[in-house]
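Quick notes on the structure that follows.
None of the figures in this text is laboratory data; all of them are computed from the coordinates on show. Given the structure is predicted, the values throughout are model-derived calculations rather than measurements. No Cβ is skipped: glycine too gets one built from the backbone with ideal geometry, and neighbour counts run over all protein chains shown.
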Amino acid sequence: SDARTPLMAGNWKMNLNHLEAIAHTQKLAFALTDKDYDAVEVAVLTPFTDLRSVQTLVDGDKLRIKYGSQDISAHDSGAYTGEISGPMLAKLKCSYAVIGHSERRQYHGENEEIVNAKVKAAFRNGVVPILCVGEGLDVRKAGDQVSYTLAQLDGALEGVPAADVEKIVVAYEPVWAIGTGEVATPEDAQEVCGAIRVRLAELYSQDVADKVRVLYGGSVKASNAAGIMAQPDVDGALIGGASLDADEFVKIVRYRD
Ligand code: PEP
């Protein structure tokens, strides 16, 4: 919808040290123009060790690029060795925190309860969650992608008030399409992204549902971005592999061209 500014968010995963992060962000900054930023919100989701460097660059050069983390602790401080808190991310002016990425669900045992607690931690600290949901190949083959994904959504939003939810970003990422080169068809993306919006209207209101940006993620490239973005309930993309190539990422931002 025209009311929702599209978001193109690059998930760097565990790539780019802080020096590489500076070089990469400078490349993006050099290429992107006010025309790009007026049409599309651009964000990079970096390793924790890159955030201070990216912040310094963005602040110093008044860049319009947004940035955020790939995870957040459910706790605000204390004896949680190795974790990074919401207050720490807020102090670095992170706009976003990715929550519940399939790689964290798969390798770090993140369940609905943890994802829900992290969503609340982000909102408590003024950081907007990019909540990742989506089914694996077995679920897709059984044709249960909508009910599976909506159950993840319900769990993640348990006890989250409408005033917060209207700011959330939901990323529909079918696990079978992440890093596999296997992209969902625009119709597959629309089916589940549309169902997510209907569910938000049921859980909250149509007004809230109309405000939430629903992204698609999974092997998005410059060559397939326009078809996916043409879908009425797809408001942007979460881009992994292709976001590490600055030229390719800029082409995705310019998907309309
Ligand atoms: C992701 O990590 O969120 C993602 C969508 O990865 P890729 O674009 O590489 O499939």
- Message: In whole Hz and in residue order, list the ³J(HN,Hα) couplings for region 44-58 that follow from phi through the Karplus curve 6.51 cos²θ - 1.76 cosθ + 1.60, θ = phi - 60°; x for Gly and Pro.
- Response: 10, 10, 10, x, 3, 5, 8, 4, 5, 5, 5, 4, 4, 5, 5
- Query: In whole angstrom, and with the biggest value first, how far do the Cα coordinates of region 7-253 range along each principal axis?
  - Reply: 47, 46, 35
- Round to a whole angstrom and tell me the spacing of the C-alpha centers of region 196-257 and region 2-16. 8 Å
- Note on the structure: Contour minus Cα-Cα span, Glu166 to Gln55, at 0.36 nm per residue, comes to 37.4 nm
- Note on the structure: Under a Gaussian network model of the chain whose springs join Cα atoms within less than 10 Å, the largest fluctuation of Gln231, Gln106, Gln70 belongs to Gln106
- Message: Over 10 Å intervals from 0, what percent of Cα-Cα pairs in region 69-186 sits in each interval?
- Response: 14, 44, 30, 11, 1
- Hey, can you grab everything whose amide H is under 5 Å from the amide H of Ala237? Only 5+ residues off in sequence or another chain; H modelled, so Pro and N-termini drop out. Leu7, Met8, Ala9, Tyr216
- Message: Within a 10 angstrom radius of the beta carbon, how do Phe30, Phe249, Phe123 rank from fewest other beta carbons to most?
- Response: Phe30, Phe123, Phe249
